[in-house]
Amino acid sequence: MSRLHAEFVRRGPYLYVVDLGLSRNGTRVNGRPIARRVLDDGDVVSFGAARGRIGGVPREDFTPEVELRRAAAPELTRREVDVLTSLCRPALSDEAFVAPATAREIADDLVVTEAAVKQHLLRLYQKFRIPEGTNRRTRLANEVVALGLVRPTPVVPPQRSGTSQESQPAGRRAS
């Protein structure tokens with residue numbers, strides 16, 4: 001188990017676990033890999049070989065995913081949405097345990113400076129109330145995906161020809 005494997009968060013009556021994306025084994029709930037998941041009483045959370053059963057979570061008739069997303073998302077500019085979309089693109093791929101895009105990758109994707117991306121990220125951290133600390137981009141990406149602000153795009157199967165486009169991030173133009 002990694003020191004920065006996952007975090008448990010209590011929001012109102014809900015308890016959820018968020019995988020921080022820094023471990024090789026990921027986080028599982030009831031045997032299924034997760035990025036973020038609301039926990040119920042009796043769920044089994046696994047971090048590699050370490051496992052634990054969740055207890056003491058009140059059972060209610062509610063849909064946790066809907067309740068968590070009810071929190072109003074902050075108002076975003078078009079460019080902030082572009083930055084968030086680019087940030088989350090790797091996390092929405094079919095790959096397991098990927099990190100969100102770096103400021104450099106976002107800048108390349110949006111054809112802007114890295115400094116401009118960093119300024120947008122600082123404003124987004126404030127808008128989404130992401131505190132300073134490790135894995136700030138990962139926490140922002142998790143929040144954005146959980147709120148449904150960025151959605152997965154259909155996965156296009158890789159081409160089997162001699163030229164591979166897999167090594168080039170989406171949105172980049174060939175030179």
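Observations on the structure shown:
- The stretch 1-103 holds strands (runs of 3 or more DSSP E) entirely within its bounds, and those carrying 1 or more residues that are surrounded by 14 or more Cβ atoms within 10 Å (Cβ to Cβ) and either at pLDDT below 75 or out of contact with any helix residue (DSSP H, G or I) (no Cβ under 6 Å at 6 or more places or on another chain) (or both) map to 6-11, 14-19, 27-29, 32-34, 36-39, 44-47.
- Here the stretch 109-130 is the region considered, the condition is being surrounded by fewer than 11 Cβ atoms within 10 Å (Cβ to Cβ) and in a loop (DSSP other than H, G, I, E, B), and the residue that is modelled with the lowest pLDDT is Arg129.
- With respect to the conditions (1) assigned to a loop (DSSP other than H, G, I, E, B); (2) at pLDDT below 90; (3) surrounded by 17 or more Cβ atoms within 10 Å (Cβ to Cβ); (4) not polar (S, T, N, Q), Gly133 falls short on a single one, namely (3).
The values are calculated or read from the model by the stated rules, or taken from the named source; none is laboratory data. Here the structure is a predicted model, which means the values were calculated and not measured. Virtual Cβ from ideal backbone geometry, glycine too; neighbours counted across all protein chains shown.
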